[in-house]
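Participant: Sharing a structure with you now.
The values are calculated or read from the model by the stated rules, or taken from the named source; none is laboratory data. As the structure is a computational prediction, the values presented were derived from the model and not from experiment. Heads up, the Cβs are rebuilt from the backbone with ideal geometry, glycines too, and the neighbour counts pull from every protein chain shown.
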Amino acid sequence: DQQVKQNSPSLSVQEGRISILNCDYTNSMFDYFLWYKKYPAEGPTFLISISSIKDKNEDGRFTVFLNKSAKHLSLHIVPSQPGDSAVYFCAASVGGNNNDMRFGAGTRLTVKP
Amino acid sequence: KAGVTQTPRYLIKTRGQQVTLSCSPISGHRSVSWYQQTPGQGLQFLFEYFSETQRNKGNFPGRFSGRQFSNSRSEMNVSTLELGDSALYLCASTLAPAYSDTQYFGPGTRLTVL
C-alpha cells in the first residue's frame, strides 16, 4: 500500500533556480515527516524533517512545507546547485518510529549548470 | 568515525538459493534497521533490532529474517530466493530506537536474483 507517494519520478531545473519536490500521503495518523537525499552508490542521508505541529521548517537552502489538510508536503531548494542532483525520498511516520515509517518512491533531481 | 558498512556490496544468486547480508553499524549505535529498496516502491521497512532483539517487523514474508549480535552487528537472511527479491537492501543505524532523523544509512547491498 503506497501511503506515501512521490508522483514525479524526475525533475530537472537550472542552477540558481528553485527546485520543488512534492510528496502526498494518505494516512492521517502520520505526524512526522522527513526528506532524505541519496547519491548513487551511497545510502540515503537525512536532509530535513518536520512535525505535524508545524507547517514550515527551514534549514539553509532547504525548506519543507506541510499542508496537513491536503496531506501534502513539499521540499523547496533555493537556489539549486549542481551538487543537489540526487534522488530525494520523502518519508512519514507516526511518532518517528521506524516500524511505522513509509517512504515514497523517490524523485530524481537534476540541476543543470 | 566510520560510517555504516554493508557487505557484500553486490550479490548475484539464483532462485531457490538463500543469502545472508551483513551490516556493521556506526560505533556506539545499538539500533539497526533494514530496508528493501525497489524501483517504484521506495524504501520498505523490513525489521529493526536493538540489543540483540527484534523490536519491529515490516510486512514481509517469513523468508526474510535477521539477527543482531552482541557487538550490534546485524545480519539479514533471505531463504528460497525469488526473482522479486532483487533489490537494494539498506541498513541504517541509530543510537537507540525511534530517532528517525539521526538514522545513518549504509551504501546498501545490491542483490540480483536470476
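Participant: What are the residues in the stretch A:51-106 that are part of a loop (DSSP other than H, G, I, E, B), under 17 Å from A:PRO9 (Cα atoms) and within 11 Å of chain B (Cβ to nearest Cβ), if any? Walk me through how you get there before you give the answer.
Facilitator: Here is the first cut: in the stretch A:51-106, the residues part of a loop (DSSP other than H, G, I, E, B) are A:52-55, A:60-61, A:68-71, A:78-81, A:85, A:94-97, A:101, A:104-106.
So of that shortlist, the ones also under 17 Å from A:PRO9 (Cα atoms) come out as A:85, A:104-106.
Those that are part of a loop (DSSP other than H, G, I, E, B), under 17 Å from A:PRO9 (Cα atoms) and within 11 Å of chain B (Cβ to nearest Cβ): A:GLY104, A:ALA105, A:GLY106.
Participant: Are any residues in the stretch A:39-50 surrounded by fewer than 18 Cβ atoms within 10 Å (Cβ to Cβ) and outside any strand (DSSP E or B), and if so, which ones? Walk me through how you get there before you give the answer.
Facilitator: So in the stretch A:39-50, the residues surrounded by fewer than 18 Cβ atoms within 10 Å (Cβ to Cβ) come out as A:39-42, A:45-46.
Across the stretch A:39-50, the qualifying residues are A:TYR39, A:PRO40, A:ALA41, A:GLU42.
For (1) surrounded by fewer than 22 Cβ atoms within 10 Å (Cβ to Cβ); (2) among the basic types (Lys, Arg); (3) out of contact with any Lys or Arg (no Cβ under 8 Å at 6 or more places or on another chain), each residue gets a yes or a no:
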site: B:LYS13; (1), (2), (3): yes, yes, yes
site: B:GLY16; (1), (2), (3): yes, no, yes
site: B:CYS23; (1), (2), (3): no, no, no
site: B:SER33; (1), (2), (3): no, no, yes
site: B:PRO39; (1), (2), (3): yes, no, yes
site: B:ARG55; (1), (2), (3): yes, yes, yes
site: B:ALA92; (1), (2), (3): no, no, yes
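Participant: Which residues, taken from the stretch B:49-62, are touching a strand residue (DSSP E or B) at 6+ places or on another chain (Cβ under 6 Å) and at pLDDT 90 or above? Before the answer, list the steps.
Facilitator: Here is the first cut: in the stretch B:49-62, the ones touching a strand residue (DSSP E or B) at 6+ places or on another chain (Cβ under 6 Å) are B:49-50, B:52, B:54-58, B:60.
Across the stretch B:49-62, the qualifying residues are B:TYR49, B:PHE50, B:GLU52, B:GLN54, B:PHE60.
Participant: Further question on the same structure: Only one of (1) touching a strand residue (DSSP E or B) at 6+ places or on another chain (Cβ under 6 Å); (2) more than 30 Å from A:GLN3 (Cβ to Cβ) fails for B:VAL32. Which number is that?
Facilitator: (2)
Participant: Further question on the same structure: Can you give me the number of residues within the stretch A:68-98 that are hydroxyl-bearing (Ser, Thr, Tyr) and in contact with a helix residue (DSSP H, G or I) (Cβ under 8 Å, 6 or more places away or on another chain)? Show your work before the answer.
Facilitator: If we filter the stretch A:68-98 for residues that are hydroxyl-bearing (Ser, Thr, Tyr), which is where we start, we get A:69, A:74, A:80, A:85, A:88, A:93.
Cutting the leftovers down to in contact with a helix residue (DSSP H, G or I) (Cβ under 8 Å, 6 or more places away or on another chain) gives us A:93.
Of the residues in that region, 1 qualify.
Participant: Return the residue satisfying two criteria in turn: it lies in the stretch A:21-38 and is surrounded by 15 or more Cβ atoms within 10 Å (Cβ to Cβ) and among the hydrophobic types (A, V, I, L, M, F, W, C), and of such residues it is nearest to the other protein chains (Cβ to nearest Cβ).
Facilitator: Result: A:LEU34.
Participant: Next question, about the same structure. Which condition number in (1) of a type in the set (D, E, K, R); (2) exposed (fewer than 14 other Cβ atoms within 10 Å of the Cβ); (3) touching a residue at least 24 places away in the same chain (Cβ under 8 Å); (4) touching an Asp or Glu at 6+ places or on another chain (Cβ under 9 Å) is the one that B:GLU82 fails?
Facilitator: Answer for B:GLU82: the failing condition is (4).
Participant: Working only within the stretch B:20-35, note down all residues that are more than 8 Å from the chain's Cα centre (by Cα), hydroxyl-bearing (Ser, Thr, Tyr) and either under 14 Å from B:PHE64 (Cα atoms) or modelled with pLDDT under 95 (or both).
Facilitator: Residues satisfying the conditions are B:THR20, B:SER27, B:SER31.
Participant: Please specify each residue of the stretch B:72-114 satisfying the condition of being farther than 20 Å from A:PHE33 by Cα, in a strand (DSSP E or B) and within 14 Å of chain A (Cβ to nearest Cβ). Show your work before the answer.
Facilitator: To start, the set of residues in the stretch B:72-114 that are farther than 20 Å from A:PHE33 by Cα comprises B:72-89, B:106-114.
If we keep only those that are in a strand (DSSP E or B) as well, we get B:74-78, B:87-89, B:109-113.
B:SER74, B:ALA87, B:LEU88, B:TYR89, B:THR109, B:ARG110, listed by residue number.
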